[in-house]
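Engineer: I am attaching a structure below and will ask some questions about it afterwards.
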Amino acid sequence: MDTTFAQSRRRDLILAIFLAALAAVVPFFVKDVNIQNIMVLTLMWAALSQSWNILSGYCGQISLGHALYFGLGAYTTTLLFTKFGVLPWFGMVAGGTISALIALGLGYPTFRLRGHYFVIATIVIAEIGLLLFHNWDYAGAALGIDVPVRGDSWAKFQFTRSKLPYYYFALVFCCVAWLVTWKLENSKWGFWWRAVKDNPDAAESLGVVVFNSKMGAAAISAFMTAIGGAFYAQYVSYIDPDSVMTFQFSLLMALPAVLGGIGTLWGPVLGAVILIPLTELTRNYLGGSGRGVDLILYGAVIVLISLARPEGLIGLFSRKPASKGVPQ
Amino acid sequence: MTAATIIQSLASGLLMGLLYGLIAVGLALIFGLMDVTNFAHGEFLMLAMYGAFFLFAFFAVDPLLAAPLVAAGMFVFGAVIYLLIVRFAMRAKANIGMVQIFTTFGLAILMRGLAQFFFTPDYRSIPTSWLGGKTVSFGGIFLPVPQLVGALISVAAFGALFFFIKKTDFGRALEATREDAGAVALVGIDKNKVFALGWGLGSALVGLAGAVMASFFYIYPDVGASFALIAYVTVALGGFGSVFGAFAGGIIVGLVEASTALILPPSLKSVGIYAVYLLVVFIRPRGLFGSI
């Protein structure tokens, strides 16, 4: 490994620590609840997009069905809490584990598919999940579940008076997702994934176990996505199938990574920092009219960025091409 | 459940399936030509339905008469979208697949927003038309006339499309460009022109479907979304790149949907379609008639 690669990795880490420290002090200056809400969502979507990026960006298996894992995380935590009194912290891990196992089970048949056949399979599997939850009476069916208020506490992960605890959890979640990616990028798995993405047949012939690489990426990606779903359920304290498992969520996980730079370390963070405030602000200030101005703006921005910066906005920041993390 | 109910549902399913095929074939055609999946396909359908609605509302044109006009309008719209947007998405050097997905997806959101802005989110319908509300009976099976005519139009459109691709110069140019876009440039065919015409033709076909459906579906800005997923599944089930696959895929999807509704609660009727798609691609990863 040449030194410039090691250097650039160290630079990434220092930048990340600096940005995390900066994000940690921002709430002391920003007291507006609406802005704090946008900051929580931005961090959450950055982490979710980072999780999506592991399977779809690094390993190249484009999933537009991650809403399934998001919804499973949200439902597992909420059901365990409301029906059995299990604390959300355990529910979160349980949801992540269930999602990872389901991802492995689904990966077994689907990873043989390629291209659009794979993408459409991920969409319809998530849609089947959505329809089943719509009809599952125990889980509240289409009406959904209210998370009962049991008083503010870290143990129950409920805070009615302040958004700050949620903000700091989202920040830690985002940092962990980034660190996992940073660590994996330089691991055996990271190299396998990029080989699988570039040319699965060549990778196979060189001794990469393509199938197992995909399975590993899917399990890690699904686990982290479910953690995000569990967090979201606690944050909004009400879930129904349409608010956690629709196709919209799958797209929202993919969009920041794609616009920021797919398969890059910083792409999801950069994409989320631009996209989520844009979405929320346009919805807050322009969406009320019911005339779709927010959609017009949002759609136009996506088209323009896709066309103007196909390699993602990260290309604006680096002199080298978007694949700078890959040692030559 | 009597035999008559089963036959009745399957007959309705077949009619709906032929319409699904007509909705999907434009997508299949464009994909086969240039490997691009139009994620705004549902919004093209929505636009066509509004086209038929406004022709009715302002000029009292019956949807059946409006169909060719809407198809012609959508031909121009599709070609323009190719020239203004998709052409540039295809020039991307990095992760071209994602660029195309998200460019057309952004276009879908944009079109939905514009529809809300100009047409309002209200549900519209065409209350009176030549065919609307009529049914015919064949030996005890009742078929709604609008769907029946829609199915016949679909069969006719597929027939015309086969003839067009096999027998006309433009059809041959389409096939040749699809085989090898680089080589056709050498014999003097302008690739961009063929692609633009391909987008026009694909959009005209979904325009035809939209005009037919306007007489018996509610028309609103999000109407495309529900049909778009069925269209993708239809195309993939039949096999990407195969026009015949879209026809067969449509019929299968329609029949499976109707059969599922007989067995499971109506809200789960799409589960059958999705399950059949998964089953088919797990056994045949290229769809039923796909070559790629």
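The values are calculated or read from the model by the stated rules, or taken from the named source; none is laboratory data. If you're wondering where the values come from, they're calculated on a predicted model, not measured in any experiment. Glycine also receives a Cβ, built like all others from the backbone with ideal geometry; neighbour counts cover every protein chain displayed. These area figures cover heavy atoms from the full protein model, side chains too; ligands, DNA and RNA do not enter into them. Shrake-Rupley method; radii C 1.70, N 1.55, O 1.52, S 1.80 Å.
Engineer: For the subset of the range A:1-60 comprising residues that are loosely packed, with under 10 Cβ neighbours inside 10 Å and acidic (Asp, Glu), which member is nearest to A:Ala103 (Cα to Cα)?
Structural biologist: Looking at residues that are loosely packed, with under 10 Cβ neighbours inside 10 Å and acidic (Asp, Glu), I get A:Asp2.
Engineer: I need a count of the residues in the range B:262-286 that are away from chain A (no Cβ under 13 Å) and buried (at least 18 other Cβ atoms within 10 Å of the Cβ). Give the derivation first.
Structural biologist: Going residue by residue through the range B:262-286, those that are away from chain A (no Cβ under 13 Å) are B:262-263.
Filter once more, keeping what is buried (at least 18 other Cβ atoms within 10 Å of the Cβ): none.
The qualifying residues number 0.
Engineer: Looking at the range A:299-314, which of its residues are assigned to a helix (DSSP H, G or I) and open to solvent by 20 Å² or more (accessible area, probe 1.4 Å)?
Structural biologist: A:Ala300, A:Val301, A:Leu304, A:Ile305, A:Leu307, A:Ala308, A:Leu313, A:Ile314, listed by residue number.
Engineer: Going by the conditions given, is B:Phe247 surrounded by fewer than 21 Cβ atoms within 10 Å (Cβ to Cβ), of a type outside the set (S, T, N, Q) and at negative phi? Don't jump to the end; show me each part of the working.
Structural biologist: Details: surrounded by fewer than 21 Cβ atoms within 10 Å (Cβ to Cβ): no; of a type outside the set (S, T, N, Q): yes; at negative phi: yes.
No, not satisfied.
Yes/no matrix, rows are residues, columns are (1) open to solvent by 30 Å² or more (accessible area, probe 1.4 Å); (2) in contact (Cβ under 8 Å) with a residue 40 or more places away in the chain; (3) within 14 Å of chain A (Cβ to nearest Cβ):
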| site | (1), (2), (3) |
| --- | --- |
| B:Ala60 | yes, no, no |
| B:Val80 | yes, no, no |
| B:Arg91 | yes, no, yes |
| B:Gln100 | no, yes, yes |
| B:Trp130 | yes, yes, no |
| B:Gly150 | no, yes, no |
| B:Lys166 | yes, no, no |
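Engineer: Then there's this: Going by the conditions given, is B:Lys134 loosely packed, with under 14 Cβ neighbours inside 10 Å, farther than 25 Å from B:Ala228 by Cβ and at the interface with chain A (Cβ under 8 Å from one of its Cβ atoms)?
Structural biologist: no
Engineer: In addition: List the number of the failed condition for B:Phe244; all other conditions in (1) more than 14 Å from chain A (Cβ to nearest Cβ); (2) farther than 17 Å from B:Ala157 by Cβ hold.
Structural biologist: Of everything listed in (1) more than 14 Å from chain A (Cβ to nearest Cβ); (2) farther than 17 Å from B:Ala157 by Cβ, B:Phe244 misses just condition (2).
Engineer: Filter the range A:61-93 for residues that are assigned to a helix (DSSP H, G or I) and open to solvent by 30 Å² or more (accessible area, probe 1.4 Å); which is nearest to A:Ser250 (Cα to Cα)?
Structural biologist: A:Val93
Engineer: Can I ask one more? Just give me the residues in the range B:1-13 being out of contact with any strand residue (DSSP E or B) (no Cβ under 9 Å at 6 or more places or on another chain), in contact (Cβ under 8 Å) with a residue 24 or more places away in the chain and open to solvent by 70 Å² or more (accessible area, probe 1.4 Å), in sequence order.
Structural biologist: Selection gives B:Met1 alone.
Engineer: Quick one: is B:Ala209 open to solvent by 10 Å² or more (accessible area, probe 1.4 Å), in a helix (DSSP H, G or I), farther than 26 Å from A:Pro109 by Cα and more than 14 Å from chain A (Cβ to nearest Cβ)?
Structural biologist: no
Engineer: When you look at B:Gly254, is it closer than 26 Å to B:Leu152 by Cα, out of contact with any Cys (no Cβ under 7 Å at 6 or more places or on another chain), within 13 Å of another protein chain (Cβ to nearest Cβ) and in contact (Cβ under 8 Å) with a residue 40 or more places away in the chain, yes or no?
Structural biologist: When the stated conditions are applied, B:Gly254 does not pass them.
Engineer: Out of curiosity, is A:Gly260 open to solvent by less than 10 Å² (accessible area, probe 1.4 Å) and more than 13 Å from the chain's Cα centre (by Cα)?
Structural biologist: yes
Engineer: In this structure, does B:Phe289 turn out to be surrounded by fewer than 22 Cβ atoms within 10 Å (Cβ to Cβ), in contact with a helix residue (DSSP H, G or I) (Cβ under 6 Å, 6 or more places away or on another chain), assigned to a loop (DSSP other than H, G, I, E, B) and away from chain A (no Cβ under 12 Å)?
Structural biologist: In short, yes.
Engineer: Next question. Counting only residues that are loosely packed, with under 15 Cβ neighbours inside 10 Å and acidic (Asp, Glu), how many does the range A:165-203 have?
Structural biologist: 2
Engineer: Right, next: For the range B:108-128, what are the residues that are open to solvent by 40 Å² or more (accessible area, probe 1.4 Å) and part of a helix (DSSP H, G or I)?
Structural biologist: Listed by number, the residues that qualify are B:Arg112, B:Leu114, B:Phe117, B:Phe118, B:Phe119.
Engineer: Let me ask something else. Which condition does B:Ala183 not pass, out of (1) assigned to a helix (DSSP H, G or I); (2) within 14 Å of another protein chain (Cβ to nearest Cβ), if it passes all the others?
Structural biologist: Going through the list (1) assigned to a helix (DSSP H, G or I); (2) within 14 Å of another protein chain (Cβ to nearest Cβ), B:Ala183 breaks only (2).
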